[in-house]
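Before any comments, here is the structure.
The values are calculated or read from the model by the stated rules, or taken from the named source; none is laboratory data. Remember, predicted model here, so these are calculated numbers, not experimental data. Please note: Cβ atoms are built from the backbone with ideal geometry, for glycine as well, and neighbour counts cover all protein chains shown.
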Amino acid sequence: MAVILNLETSTTNCSVSIGKDGNVIALREVNNKNYTHSENLHVFIQEVLEKANISVNNLEAIAVSKGPGSYTGLRIGVSAAKGLCYALNKPLISVATLQVLAQQLTIDEGSIISLLDARRMEVYSAVFDKNYNEIRKTNAEIITESSFVDFLEKEKVYFIGPGAEKCKDIIKHSNAVFPEITHVPSAREMAALAELKYKKSDFEDVAYFEPYYLKDFVTVTPGKKTK
């Protein structure tokens with residue numbers, strides 16, 4: 001059983017939780033479109049520690065959402081996590097942001113596509129089965145009418161995340177399901193995922209760990225060559 005501090009800053013949601021044996025015992029978050037992570041993150045860390053009645057020295061690991069997501073948001077979260085790991089001599093755990101997001105939906109059949117907004121009609125996406133196993137790796141892509149058609153032709157597909165709104169207006173397949181609310185990644189769902197990694201001693205190298213940034217989108221005009 002481990003006591004883990006979880007930090008999620010990949011989107012507009014600044015979210016911090018304390019997980020004990022994979023269960024959330026304290027949570028503090030605010031979803032602000034102005035990205036107030038730099039002002040709130042360390043305050044939230046102190047608040048959840050106090051709420052859980054746990055000393056920072058009693059933490060057994062620090063977990064951070066590794067991306068993809070907002071460049072600035074990820075930098076803030078990872079910098080804070082690494083700083084705590086150095087100061088406390090604790091291991092660092094990274095959790096995939098799109099997997100954190102997928103955990104917010106419970107389905108009996110079909111698949112889940114987690115989507116984060118990138119820019120214009122672009123998103124970061126990953127596909128998971130009903131048990132949250134990744135069945136298609138994270139991609140950066142431009143949304144079109146034919147996006148995810150291979151999955152939509154086979155079963156119900158549940159779209160979740162800030163990038164789902166872009167898909168809703170373009171993807172009209174009968175198997176496409178869009179939640180009524182927009183979900184954002186939260187440290188609430190990080191707790192169980194971080195606990196699993198802790199049990200496996202699946203830790204990052206604190207000195208060299210960097211957030212998971214995807215390469216910039218590249219659009220090639222047919223008939224033209226790129227240098």
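General remarks:
- Here Lys82, Lys33, Lys51 are screened, and the one residue that is surrounded by 15 or more Cβ atoms within 10 Å (Cβ to Cβ), not aliphatic (A, V, I, L, M) and not assigned by TED's automatic domain parsing to the domain that holds Ala118 is Lys82.
- Taken together, Glu109, Glu141, Glu155, Glu145 contain a single residue that is in a strand (DSSP E or B), out of contact with any helix residue (DSSP H, G or I) (no Cβ under 8 Å at 6 or more places or on another chain) and not assigned by TED's automatic domain parsing to the domain that holds Glu8, which is Glu141.
- Members of the stretch 176-217 found to be touching a strand residue (DSSP E or B) at 6+ places or on another chain (Cβ under 8 Å), of a type in the set (A, V, I, L, M) and either in contact (Cβ under 8 Å) with a residue 60 or more places away in the chain or surrounded by fewer than 17 Cβ atoms within 10 Å (Cβ to Cβ) (or both), listed by number: Val177, Val184, Ala187, Met190, Ala191, Ala192, Leu193, Ala194, Val206, Leu214
- Residues located in the stretch 21-75, provided they are touching a residue at least 60 places away in the same chain (Cβ under 8 Å) and not in a loop (DSSP other than H, G, I, E, B): Asn23, Val24, Leu27, Glu29, Asn31, Ala61, Ala63, Ser65, Tyr71, Gly73, Leu74, Arg75
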